[in-house]
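J.: I have a structure here, written as structure tokens, and I will follow up with some questions on it.
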Amino acid sequence: MRVYLPLTLAGLAELHRSGEAGPAPLVAYAVTPALREWYLSGDEEELEYAALSRAAQASLRLLAVDPAVVRRRVVLAADVPDRAAFADPDRAMDPEALAEVRLTEAVPVAKLASVHVDAPDAESDIAAAAAALGAADQGDDDAQFVVDGAADHELLWYGVQEIDHLL
């Protein structure tokens, strides 16, 4: 199963040092039955992009709780055994949990397929979105507009062998 793990650049550095994302359990995002039901008209590629986008939103939340990290979202794409990922059936139709899965195992670097990271020129918009997240969660429409602006920045694709370059 292809999963998307939200991280920060600091988390990516830790993965590079330790050789794995972990410890388990980990929150990741994948093409789940609930995501398929929500996105009926999507083909497999569109569903994968939707799961990646959910992971990017989760990465933004990681940035919001750690003001010391560089303001760039990071998402890892990894291939894990189906038995290692499960969706909570009680939250399957919760809009906040669409595509969310829990990983029961750490993810070694060898299982990574790619790394997706914001371009450096996105940092100011991502910083603003991370700062506005709390107000947006409280229903502030202007803050939500700022948070939604983060989605205007496409994550760049990098091969796993380029992690050194990213750090």
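The values are calculated or read from the model by the stated rules, or taken from the named source; none is laboratory data. Quick caveat: nothing in here was measured; it's all calculated off a predicted structure. Every residue, glycine as well, gets a Cβ built from its backbone with ideal geometry; the counts of neighbours run over all protein chains shown. Accessible surface is based on the protein model in full, side chains and every heavy atom, while ligands, DNA and RNA are left aside. Shrake-Rupley method; radii C 1.70, N 1.55, O 1.52, S 1.80 Å.
J.: Restricting the search to region 10-47, which residues are open to solvent by 80 Å² or more (accessible area, probe 1.4 Å) and either in contact with a His (Cβ under 9 Å, 6 or more places away or on another chain) or among the polar types (S, T, N, Q) (or both)?
T.: Once the filter is applied, which keeps residues that are open to solvent by 80 Å² or more (accessible area, probe 1.4 Å) and either in contact with a His (Cβ under 9 Å, 6 or more places away or on another chain) or among the polar types (S, T, N, Q) (or both), region 10-47 yields only Ser41.
J.: Checking Asp118 against (1) open to solvent by 20 Å² or more (accessible area, probe 1.4 Å); (2) touching a Leu at 6+ places or on another chain (Cβ under 9 Å), which test does it fail?
T.: Asp118 satisfies all of (1) open to solvent by 20 Å² or more (accessible area, probe 1.4 Å); (2) touching a Leu at 6+ places or on another chain (Cβ under 9 Å) except (1).
J.: Tell me the residue from Leu26, Leu47 that is free of Cβ contacts under 8 Å to residues at least 24 places away in the same chain and of a type outside the set (S, T, N, Q), please.
T.: The unique qualifying residue is Leu47.
J.: With respect to Ala50, determine if the residue is of a type outside the set (D, E, K, R) and open to solvent by 20 Å² or more (accessible area, probe 1.4 Å).
T.: In short, no.
J.: Which condition from (1) touching a strand residue (DSSP E or B) at 6+ places or on another chain (Cβ under 9 Å); (2) modelled with pLDDT under 95; (3) open to solvent by less than 40 Å² (accessible area, probe 1.4 Å); (4) among the small types (Gly, Ala, Ser) is the one that Ala87 breaks?
T.: (3)
J.: Could I ask something else about it? List every residue pair whose Cβ atoms sit under 6 Å apart, with the two residues 6 or more apart in sequence or on different chains, where the first one lies in region 67-83 and is of a type outside the set (Asp, Glu) and the second, anywhere, is part of a loop (DSSP other than H, G, I, E, B).
T.: These pairs meet every condition: Val69/Thr8; Arg72/Asp118; Arg73/Asp118; Val74/Thr8; Val80/Met1.
J.: On to the next question. Taking the conditions exactly as written (open to solvent by less than 20 Å² (accessible area, probe 1.4 Å) and modelled with pLDDT of 95 or more), does Leu60 satisfy them or not?
T.: yes
J.: Taking Gly159 and the conditions (1) out of contact with any Ser or Thr (no Cβ under 7 Å at 6 or more places or on another chain); (2) more than 19 Å from Arg54 (Cα to Cα), which numbered condition does it fall short on, given that it satisfies the others?
T.: For Gly159, the failing item is (1).
J.: Go through region 70-115 and report how many residues are under 24 Å from Asp164 (Cα atoms) and aliphatic (A, V, I, L, M).
T.: Matching residues across region 70-115 total 14.
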